[in-house]
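Asker: Before I ask anything, let me first share the structure, which is written out below as structure tokens.
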Amino acid sequence: MANLRYDDRHHGAPRLPSAFINSASLFAAIDLGLFTAVAAGAGTPAAFAAEAGISELNADRLMTMCCASGLLEWDGTVYRNAADVQRFLVEGEARYAGAWLQFMRPGWGKWGDLTELLKTDEPAQVTPRSVIDMTVESARDYHKATASVGFGAGRRFSRDVDLTGRKRMMDLGGGSGAYSIVAAQQFDGLSAVVCDLPAVVPVTREFIDEYDVADRVSAEAVDFTRDAFPTGCDVAVMASNLPMYGREVIAEVIGRAFAALEPGGEMHLVGEMLDDDRAGPADAAIWGLAETLANSTGMSHTRAECVAYFERAGFTDVTVHEFIPGVLTRVTGHKP
């Protein structure tokens, strides 16, 4: 979703002081169904205004801004969706990710108070507040919103990683169970156990039932920062929760995963990792800074730091792989 990340290589990339305007216009476009309307043929301000119930003037303003941001394209007569937008932001399509893009929107006001939040003298919590306060309802809302992205990542993982011959996978903080569900569907003989908080497990089981894999995938209430891990596993996966925790917690979790894995097993850590020069990607830095809002010990981790966690635990043949360029990296290690 290159255009949707607004990276600096695009001619419409925002400058930092005004970046919030780009975010506001994207949210407004999603709220008003702009990209869905354009996909259906409402490619002029007049047509979109009629669809959205706003004035033609305001429709023109929003479409102009979205074009300047690379979300729409103008052919001299009508607007069309950019390729990424057509793929991910047209409601009703299987890969619709509008809810995921709005995931950080509830924190909008808090970001305006970042200076004061950085100055707090309140001790940081090892477990983020969002995790402590999670209910079954909030877990369901979150995972329904992120399912399109989560299952897309799960499909990519099963394309990139050959688990042929593996028997049982533990999915640490697996949420919807996307990685486990797809892997169990893809690889004969593989079962999986999704380990997540008590409030999440009922939601995981709903996804397991939806995909009809209850004979191969289960869910257990496990807080991976302190509870015992499942036994009999020869694969461990921990995906998309890396910046939520500090260095000590991540190193300890990887160490306990190593101890729990069967000899010859493998572990995959998928997360938003900084390059070793710490100059990016921006997503890794953003997610680390976002933990300020939760007052947790979470932070950004570099690739080299993640490799070190694996090697310190005892893993060998530790390798780093691009997973989603500019967003997610995968570190893999093997237990002798």
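Asker: Please enumerate, by chain and number, the lysines with C-alpha under 30 Å from the C-alpha of Lys167, excluding those fewer than 8 residues away in the same chain.
Answerer: Reachable lysines: Lys144, Lys335.
Asker: Something else about it: Which of the peptides 270-278, 157-165 is most tightly packed, and how do the rest follow, judged by the mean count of other Cβ atoms within 10 Å per residue?
Answerer: 270-278, 157-165
Asker: Okay, moving on. State to the nearest 20 debye the size of the charge dipole of the chain about its Cα centre, where the only charges are +1 on K and R beta carbons and -1 on D and E beta carbons.
Answerer: Details: 29 positive and 46 negative charges, 49 e Å.
Computed charge dipole of the chain: roughly 240 debye.
Asker: Additional query: Select from Gly326, Gly298, Gly76 the residue whose mean-square fluctuation is largest in a Gaussian network model of the chain (Cα-Cα springs shorter than 10 Å).
Answerer: Ranking Gly326, Gly298, Gly76 by mean-square fluctuation puts Gly76 first.
Asker: Given Cβ point charges of +1 (Lys, Arg) and -1 (Asp, Glu) and nothing else, what value in debye, to the nearest 20, does the dipole of region 192-232 about its Cα centre take?
Answerer: Numbers: 3 positive and 9 negative charges, 36 e Å.
The dipole of region 192-232 has a size of about 180 debye.
Asker: When DSSP beta bridges are limited to those with both residues in the chain, what percentage is antiparallel, rounded to the nearest 5?
Answerer: Working: 15 of 37 bridges.
Antiparallel bridges: around 40 percent, rounded to the nearest 5.
Asker: Further, regarding this structure: Rounded, prolate or oblate: which fits the chain, taking a ≥ b ≥ c as square roots of the Cα gyration tensor eigenvalues, rounded meaning a/c under 1.5, else prolate when a/b beats b/c?
Answerer: prolate
Asker: Under 21 Å between alpha carbons, and skipping anything fewer than 8 positions from Lys110 in its own chain: which lysines qualify?
Answerer: Straight-line reach from Lys110, under 21 Å: Lys119.
Asker: Report the one residue of Thr64, His143, Ala29 whose Cα lies farthest in the direction of the positive end of the charge dipole of the chain (charges on C-beta: Lys and Arg +1, Asp and Glu -1; origin at the Cα centre).
Answerer: Checking the options against the dipole of the chain, the answer is Thr64.
Laboratory data are not the source of any read-out in this text; all were calculated from the coordinates shown. Remember, it's a predicted structure, so these values are computed and weren't measured experimentally. Note that each Cβ is placed from the backbone with ideal geometry, even for glycine, and that neighbours are counted across all protein chains shown.
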